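Engineer: Encoded as structure tokens, here's the structure I'll be asking about.
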């Protein structure tokens, strides 16, 4: 797009003393004539671009116009590159990297300049998220409704959503938006979606509330329980609740009181620890969980 190219040209002119039109033409993969028109557009916008002829000549911004010759330091650029590279890891393309190359003035590829920080936001099955990520991103940018078939612990059904944000949290990608079924804002995990499509229908004009992230913030019907976790799974409990929240018994095992959204979801969570977790209180939850274990045992006795 022309506006992207103009911003890129301006960025380079602010960072370098002088560049040539052929250099810019090669950098942005356009003709020299196009670059000349872009320079003219920048000049009409009030940015004094000066052309000097002869050996060592080229394009530059009038010396008195700028206070600082550099918009971004090398460290700033590398931080931006790391962020853009992480987005490419999700989309499965190199479009963000190419954008950074256009804005970079270095002769060598800036993406390879520093690999000390690598951020890979893709799932273990890259195909499960990348196509959905791009489709949902396009729908958000164009304020269009999406539809999909969703599989969750509460069942499976078709959903229609007015997407607002793509969110990476808790090691997974989610889309947050207005759910037409619930008439409220909901979060959906991309990996649990199938038959995803952009309907092309415009989203309604709504006052979108601020998104808040709190994994341990549940509904008004939440339940509270005390659980003992084996010291062997301390790493997971610390990951999910934080080191400052947990307490210990005399054997070094973890004893923690916390809330959960509802009893069935709580039981599923405890089951995920196998024999490394025990419900201590309340007694009614211990009995309910015991009945689940009896049913499981019965299945393996036949």
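The values are calculated or read from the model by the stated rules, or taken from the named source; none is laboratory data. Worth saying up front: this structure is predicted, and the values here are computed from it rather than measured. Because the Cβ atoms are built from the backbone with ideal geometry, glycine has one as well, and the counts that use them run over all protein chains shown.
Engineer: Being surrounded by 13 or more Cβ atoms within 10 Å (Cβ to Cβ) and free of Cβ contacts under 8 Å to residues at least 24 places away in the same chain is the filter; apply it to region 265-274 and report the residue that is nearest to the chain's Cα centre (by Cα).
Structural biologist: 269
Engineer: Right, here's the next one. So, in region 138-160, exactly how many residues are within 30 Å of residue 272 (Cα to Cα) and free of Cβ contacts under 8 Å to residues at least 60 places away in the same chain? Working first, answer last.
Structural biologist: To start, the set of residues in region 138-160 that are within 30 Å of residue 272 (Cα to Cα) comprises 148-159.
Those still in the list that are free of Cβ contacts under 8 Å to residues at least 60 places away in the same chain too: 148-152, 154-159.
Qualifying residue count, region 138-160: 11.
Engineer: Looking at (1) touching a strand residue (DSSP E or B) at 6+ places or on another chain (Cβ under 7 Å); (2) in contact (Cβ under 8 Å) with a residue 24 or more places away in the chain; (3) assigned by TED's automatic domain parsing to the domain that holds residue 270, can you tell me which one residue 232 breaks?
Structural biologist: (1)
Engineer: Taking strands (runs of 3 or more DSSP E) that do not extend beyond region 201-302, which have at least 3 residues that are more than 30 Å from residue 162 (Cβ to Cβ) and out of contact with any helix residue (DSSP H, G or I) (no Cβ under 8 Å at 6 or more places or on another chain)? Please lay out each step first, then the result.
Structural biologist: Working: elements: 223-229, 254-260, 277-281.
Result: 223-229.
Engineer: Select from region 15-31 the residues that are within 13 Å of residue 5 (Cα to Cα) and exposed (fewer than 15 other Cβ atoms within 10 Å of the Cβ) and list them in ascending order. Talk me through it step by step, then tell me what you get.
Structural biologist: Applying the first criterion (within 13 Å of residue 5 (Cα to Cα)) to region 15-31 yields 24-31.
Residues satisfying the conditions are 26, 29, 31.
Engineer: Quickly run through region 275-285 and pick out the residues that are over 17 Å from residue 254 (Cβ atoms) and surrounded by 14 or more Cβ atoms within 10 Å (Cβ to Cβ).
Structural biologist: If we filter region 275-285 for residues that are over 17 Å from residue 254 (Cβ atoms), which is where we start, we get 282-285.
Correct list: 285 only.
Engineer: So, one more: Going by the structure shown, is residue 140 farther than 30 Å from residue 24 by Cα, at pLDDT 60 or above, within 14 Å of the chain's Cα centre (by Cα) and in a strand (DSSP E or B)? I'd like the intermediate steps shown before the answer.
Structural biologist: Working: farther than 30 Å from residue 24 by Cα: yes; at pLDDT 60 or above: yes; within 14 Å of the chain's Cα centre (by Cα): yes; in a strand (DSSP E or B): no.
No; evaluated as a whole, the condition is false for this residue.
Engineer: Among the candidates 46, 57, 64, which residue alone is more than 30 Å from residue 190 (Cα to Cα) and at pLDDT 80 or above? Full working, then the answer.
Structural biologist: Values: 46 fails: at pLDDT 80 or above; 64 fails: at pLDDT 80 or above.
It is 57.
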